[in-house]
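Please read the structure below before turning to the comments.
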Amino acid sequence: MRKPAALRRGDVIGVVSPAAAVDAAAVATGVHALESLGFTVRLGAAVFRRDGYLAGGDQERRDDLVAMLRDPEVRAIVCSRGGYGSGRLLPLLDPSIAREHPKIVVGFSDLTFLLNDLVQRAGLVTFHGPMLADLGARPETAARLTGLLMGDRHDWTLRARDIVQPGTAEGVTAGGCLSAVVAMLGTPYEIETDGRLLLLEDANEKPFRIDRMLTQLRYAGALEHVAGVIFGEMPGCSAHADEAVTVRDVVAECFADANYPVAFGFPSGHGEGHATVPLGVHARLAGERLTLLESPVAE
């Protein structure tokens, strides 16, 4: 795996919109949060473009990302927001560009498509973490994100709210937004899950929909040989008032016979925590604790 160089104060952070159109005010507050921490922010040419629900056409969004990868002054790339659209870029991307210009790439939600593709086809460590539109209202999140990108992981260990299946396992991190992970099944960009610590998180999906997606993963064999599974906070994934089933119930039933550790409620992705989980690095899941076993940036 190629590890990007660690971020330093004063470095240029590029912003791109590979998915949905973004609100200018949210971008402005996010830019301010990063600049307040001592970084220079450079917006991509297509950040504010619109093509229906997308931030410009597929080729525009692809070209913006490639331009940031090739720009020698840009040391990290933070996506503006998720929504939908980054998966449409995968056939247009040449993975050799990211291999030749290894840089920090940060996002979550719909960016699950792009992050895992860069891990698998480009061999580049990526970062499942908060996007620019999230940072303005969460200055502490911006500080924790940039701290990790600068190589500080002394207090990184994450804790889940609940243990579904006890145990300890080590593996390479992969995954992200559950609906995106499922959407990649059966495609050339399907996520490799064997031996992985698989992160699965989502928002505003009813428990029966979570059940359906986990069932599809199970039928596809994607959960058979994982090292462990890490669930996010799953905000808004609640049933109707007359349904006495929680998303935690669904997860417990799905993994009732699992012979690997499963934890629920990690503060990454959708939810309140917004912690950053590097993808493509070795980590250990021990009960409710997730710990990095290596630095995600070049030291």
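Read the figures in this text as sums done on the coordinates, not as results from a lab. All of these numbers come straight from a predicted model, not from anything done at the bench. Ideal geometry is used to build each Cβ from the backbone, glycine not excepted, and the neighbour counts take in all protein chains shown.
Observations on the model:
- Residues whose amide H comes within less than 5 Å of that of ALA275, counting only those at least five positions distant or on another chain, are SER268, GLY269 (H built at 1.01 Å from N in the peptide plane).
- Its Cα gyration tensor gives the chain an equivalent ellipsoid, and the semi-axes of that ellipsoid, as √(5λ) in whole Å with the largest first, are 29, 20, 19.
- A Cα-only calculation for the range 125-169 places Rg and Dmax at 13.5, 38 Å.
- In Hz, Karplus ³J(HN,Hα) per residue of the range 69-82 (6.51, -1.76, 1.60; θ = phi - 60°; x = Gly, Pro): 4, 7, 5, x, 7, 7, 9, 8, 10, 10, 6, 6, 6, x
- Rg and Dmax of the range 201-287, both derived from C-alpha coordinates alone, stand at 13.3, 42 Å.
- Over the chain, dividing the summed -39,500 (n - 2.57) contributions of all DSSP H runs of at least 4 residues by the number of residues returns a 222 nm mean residue ellipticity of -8000 deg cm²/dmol.
- Toward the positive end of the charge dipole of the chain, with +1 on the Cβ of Lys and Arg and -1 on the Cβ of Asp and Glu, the farthest Cα among PRO235, LEU149, PRO267 is that of LEU149.
- Where labels lie 7 Å past Cα in the beta-carbon direction, separation of SER96 and GLU73 in nm: 2.8 nm
- Cβ crowding within 10 Å ranks PHE208, PHE108 as PHE208, PHE108, fewest other Cβ atoms first.
- Antiparallel bridges, percent of DSSP beta bridges restricted to the range 12-149 (to nearest 5): 10 percent
- Ascending count of other beta-carbon atoms within 10 Å, so fewest first, for ASP211, ASP134, ASP51: ASP51, ASP211, ASP134
- Based on alpha carbons, the Rg and Dmax found for the range 12-149 are 13.4, 37 Å.
- Taking label positions 7 Å along the Cα-Cβ direction at both ARG153 and HIS32, the computed distance is 3.3 nm, reported to one decimal.
- If both residues of a DSSP beta bridge must be in the range 158-292, then about 50% of such bridges are antiparallel.
- In order along the range 290-299, the Karplus-derived 3J(HN,Hα) couplings, from 6.51 cos²θ - 1.76 cosθ + 1.60 at θ = phi - 60°, round to 10, 10, 6, 9, 7, 6, x, 10, 5, 10 Hz, and Gly and Pro are given as x.
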